[in-house]
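**Student:** Below you will find the structure I want to go over with you.
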Amino acid sequence: MGDMSPTEWTRQALMDCADAMWNCDTPDKAIEFIRSRPAPICLPNLVSGELRLPSSASVSFIDSFEPKTGALLCRIPCTDLDGVTEAVQHARAAFGTWSKTTRAERSRHLRRISELLQEHRELFAVWESIDQGKTLERARIEVDRAISNFSYFSTYILHEQTAARMVDGVALTYEHRSPAGVFALISPWNMPLYLLTWKIAPCIAFGCTAVAKPSEITSMSAYLLGVLLQKAGLPPGVVNIVLGDGPTTGAALVASPLVDGVSFTGGTQTGIAIRRATAHQIRKHLSLELGGKNPTLVFEDSMGPATRERTIRIAASAAFENQGEVCLCGSRIYVERTVYVDFVREFTDFVAKSYVLHQTVGAVASIQHYNKIRGYLKLAADEKTTFNLGGIPLLLEQGVNQGYWIAPTILTQVAPTSVLQKDEIFGPVVTISPFDGEGEAVRLANESEYGLAAILLTTDGARMRRAGEQIEAGLVWVNCWLVRELGTPFGGMKNSGTGREGGEYSRDVFTVVRTLHLPAY
């Protein structure tokens, strides 16, 4: 294929590239494939079951870089209004048929997708690790969760229930649900495949069709998922995938009058923009899972001999898994003052041994995010914050082949009013502060504009409920973290979003309900 520009890629060339990548299921094979190419990989859209680039001659392309090296990895189209409209039209056309398929038929398609993901688990994990910067082990966990998303909803829809009520001697009423229509599914860059499939699986399970847009920073696994959907035999147009940025592609998708709903995971400011853009389209279903600045509360009783190791391990995992690039991370740790000094010392030692850069900690996703985190660490130094671990990384510039590596960083002596305590840094950075008593712990936990998640570490059974039920967060984990049962409601309070997804809550997002009234006799 030589040094062809993205616009010169033929459909056959795109198919050949997809076939070649499909065989790169080890890190060595994938890296060899990348390095052997005379030009970066070009990722196409999936529209009506075909891999294709936007037809517009004026379409621009976005460079996407390998976080671990800083090298150019691939180019993706910044799909414009015409390209988005075409994809939405195909989704609209497919909805007429797909919405009328039986639940058993939809279940069969979801099971097939789940089985193919399982069969090609390592392929997806390898490319997710390269594209996003996370460790291969972390990528495998997220591929497993993507598999579970399709598997769970493939069976859920076979056991739906409805409600029927009698009005004495007058009428029987019952609820009837039907698919809501075409959905825009917009996912973030931190867990690309897992969070994209968390939206696609229930969307198509409940009979809707989709136009999905992954982050322009991490589009690789969405592209590979498109290839897999072809291989799975999903009918054309049921799932379409368009690549591009938020201001061009995402905005066109959200605003389309042919779109009936939006499921979005990402930053709060983008969520606000989506609400504004759709305010005049009141009919649109909106599910917005937004930012978080989540507290971890460590009580004295959790630092006893029997639970001390567990407490340290859970707090560290909640802070530094996936480089801290998890909206559910516990990035504000509050520790009861009686055990504060011991906790800081032991926590720092544990993190230094267990979360090692290049081994158990990956690179952050982009140079822009790297420099954002670096800016917060410079601020920490300016505010005379104590660095118990970590420091200020080097300033990097795009185009320099250096990875985006930031060591786990533990900060103490942070002022309660500091933006370090308030802003979602979304990286391997955690603050630790003391508290006195349960009341203050709950107050500190709730002193945030966000309310997505919280972690409560205690052995007191009464406190688990008493404090847990007062914390303003959509998800509260007690002596554990990131445990998910897929039927439970997922979403946040306050500025962490609106709506819930999971099980019947996803059904509410992707269906419309009507009540029928039938005469009793």
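The values are calculated or read from the model by the stated rules, or taken from the named source; none is laboratory data. No experiment lies behind these values; they were computed from the predicted model shown. We place every Cβ from the backbone using ideal geometry, glycine too, and count neighbours over all the protein chains shown. Surface accessibility is based on the protein's heavy atoms, side chains included, excluding ligands, DNA and RNA. Shrake-Rupley method; radii C 1.70, N 1.55, O 1.52, S 1.80 Å.
**Student:** Could you tell me whether Gln402 is modelled with pLDDT under 95, surrounded by fewer than 24 Cβ atoms within 10 Å (Cβ to Cβ) and of a type outside the set (Phe, Trp, Tyr)? Explain how you work it out, then say what you get.
**Tutor:** Details: modelled with pLDDT under 95: yes; surrounded by fewer than 24 Cβ atoms within 10 Å (Cβ to Cβ): yes; of a type outside the set (Phe, Trp, Tyr): yes.
Taking the combined requirement at face value, the residue satisfies it.
**Student:** Here is a further query. Which is in a helix (DSSP H, G or I), modelled with pLDDT of 95 or more and under 16 Å from the mean Cα position of the chain (by Cα), of Glu321, Glu309?
**Tutor:** Numbers: Glu309 fails: under 16 Å from the mean Cα position of the chain (by Cα).
Criteria check complete, one pass: Glu321.
**Student:** A further question follows. Restricting to region 212-238, count the residues that are on the phi < 0 side of the Ramachandran plot and over 18 Å from the mean Cα position of the chain (by Cα).
**Tutor:** Here is the first cut: in region 212-238, the ones on the phi < 0 side of the Ramachandran plot are 212-232, 234-236, 238.
Cutting the leftovers down to over 18 Å from the mean Cα position of the chain (by Cα) gives us 227-232, 234-236, 238.
Counting residues in region 212-238 that are on the phi < 0 side of the Ramachandran plot and over 18 Å from the mean Cα position of the chain (by Cα) gives 10.
**Student:** Further question: So which residues in region 143-168 are modelled with pLDDT of 95 or more, open to solvent by 10 Å² or more (accessible area, probe 1.4 Å) and not hydrophobic (A, V, I, L, M, F, W, C), if there are any at all? Walk me through it before giving the result.
**Tutor:** Just the residues of region 143-168 that are modelled with pLDDT of 95 or more, to begin with: 143-158.
So of that shortlist, the ones also open to solvent by 10 Å² or more (accessible area, probe 1.4 Å) come out as 144-145, 147-148, 151-152, 155-156, 158.
Listed by number, the residues that qualify are Asp144, Arg145, Ser148, Ser151, Tyr152, Thr155, Tyr156.
**Student:** Which is in contact (Cβ under 8 Å) with a residue 60 or more places away in the chain and open to solvent by 40 Å² or more (accessible area, probe 1.4 Å), of Thr386, Thr360, Thr348?
**Tutor:** Answer to the check: Thr360.
**Student:** Would you mind stating whether Val335 is within 23 Å of the chain's Cα centre (by Cα), modelled with pLDDT of 95 or more and open to solvent by less than 20 Å² (accessible area, probe 1.4 Å)? Steps first, answer last, please.
**Tutor:** Working: within 23 Å of the chain's Cα centre (by Cα): no; modelled with pLDDT of 95 or more: yes; open to solvent by less than 20 Å² (accessible area, probe 1.4 Å): yes.
In short, no.
**Student:** Which pairs do you get when a residue that is within 12 Å of Arg121 (Cβ to Cβ), found in region 136-157, comes within reach of a residue that is surrounded by fewer than 22 Cβ atoms within 10 Å (Cβ to Cβ), reach meaning Cβ atoms under 6 angstrom, with the pair 6+ apart or on two chains?
**Tutor:** Close Cβ pairs satisfying both conditions: Glu142/Tyr194; Val143/Arg121; Arg145/Tyr194; Ala146/Tyr194; Ile147/Gln118.
**Student:** Considering only region 122-140, how many residues are open to solvent by less than 10 Å² (accessible area, probe 1.4 Å) and in a helix (DSSP H, G or I)? Give the steps one after another, and end with the answer.
**Tutor:** Residues of region 122-140 that are open to solvent by less than 10 Å² (accessible area, probe 1.4 Å), as a first pass: 123-129, 131-134, 139.
Adding the requirement that they be in a helix (DSSP H, G or I) leaves 123-129, 131-132, 139.
The qualifying residues number 10.
**Student:** Hey, could you check region 461-474 for residues that are in contact with a helix residue (DSSP H, G or I) (Cβ under 7 Å, 6 or more places away or on another chain) and assigned to a loop (DSSP other than H, G, I, E, B) and say which is surrounded by the fewest Cβ atoms within 10 Å (Cβ to Cβ)? Explain how you work it out, then say what you get.
**Tutor:** Initially, region 461-474 is screened for residues in contact with a helix residue (DSSP H, G or I) (Cβ under 7 Å, 6 or more places away or on another chain), giving 463, 467, 470-472.
Adding the requirement that they be assigned to a loop (DSSP other than H, G, I, E, B) leaves 470-472.
Working: Gln470: 15, Ile471: 21, Glu472: 19.
Checked region 461-474; the qualifying residue surrounded by the fewest Cβ atoms within 10 Å (Cβ to Cβ) is Gln470.
**Student:** For region 475-498, what are the residues that are open to solvent by 30 Å² or more (accessible area, probe 1.4 Å), under 16 Å from Leu286 (Cβ atoms) and touching a Ser or Thr at 6+ places or on another chain (Cβ under 8 Å)?
**Tutor:** Across region 475-498, the qualifying residues are Asn495, Thr498.
**Student:** Which of the residues that make up region 176-205 are closer than 21 Å to Ala104 by Cβ and open to solvent by 10 Å² or more (accessible area, probe 1.4 Å)?
**Tutor:** Within region 176-205, His176, Arg177, Ser178, Pro179, Ala180 qualify.
**Student:** Now, a different point. Filter region 254-304 down to the residues that are in a helix (DSSP H, G or I), in contact with a helix residue (DSSP H, G or I) (Cβ under 7 Å, 6 or more places away or on another chain) and hydrophobic (A, V, I, L, M, F, W, C) and list them by number. If you could, list the steps in order and put the result at the bottom.
**Tutor:** Of region 254-304, the ones in a helix (DSSP H, G or I) are 254-255, 268-277, 300-303.
Subsequent filtering for residues that are in contact with a helix residue (DSSP H, G or I) (Cβ under 7 Å, 6 or more places away or on another chain) retains 254-255, 270, 274, 277, 300, 302-303.
Val254, Ala255, Ile274, Ala277, Met303, listed by residue number.
**Student:** Just wondering, is there one or more residues in region 119-137 that are over 16 Å from Pro67 (Cβ atoms), more than 17 Å from the chain's Cα centre (by Cα) and of a type in the set (Val, Ile, Thr)?
**Tutor:** For region 119-137, residues over 16 Å from Pro67 (Cβ atoms), more than 17 Å from the chain's Cα centre (by Cα) and of a type in the set (Val, Ile, Thr): absent.
**Student:** Continuing with this model, one more query. Looking at region 95-113 only, could you name the residues that are open to solvent by 10 Å² or more (accessible area, probe 1.4 Å) and assigned to a helix (DSSP H, G or I)?
**Tutor:** Within region 95-113, Phe95, Gly96, Thr97, Arg103, Ala104, Glu105, Arg106, Arg108, His109, Arg111, Arg112 qualify.
**Student:** For residues that are touching a helix residue (DSSP H, G or I) at 6+ places or on another chain (Cβ under 8 Å) and of a type in the set (Ser, Thr, Tyr), scanning just region 29-75, find the one that is least open to solvent (accessible area, probe 1.4 Å).
**Tutor:** Residue satisfying both the conditions and the ranking: Ser64.
**Student:** Okay, next question. Answer yes or no as to whether Leu420 is farther than 13 Å from Thr296 by Cβ and under 17 Å from the mean Cα position of the chain (by Cα).
**Tutor:** Working: farther than 13 Å from Thr296 by Cβ: yes; under 17 Å from the mean Cα position of the chain (by Cα): no.
In short, no.
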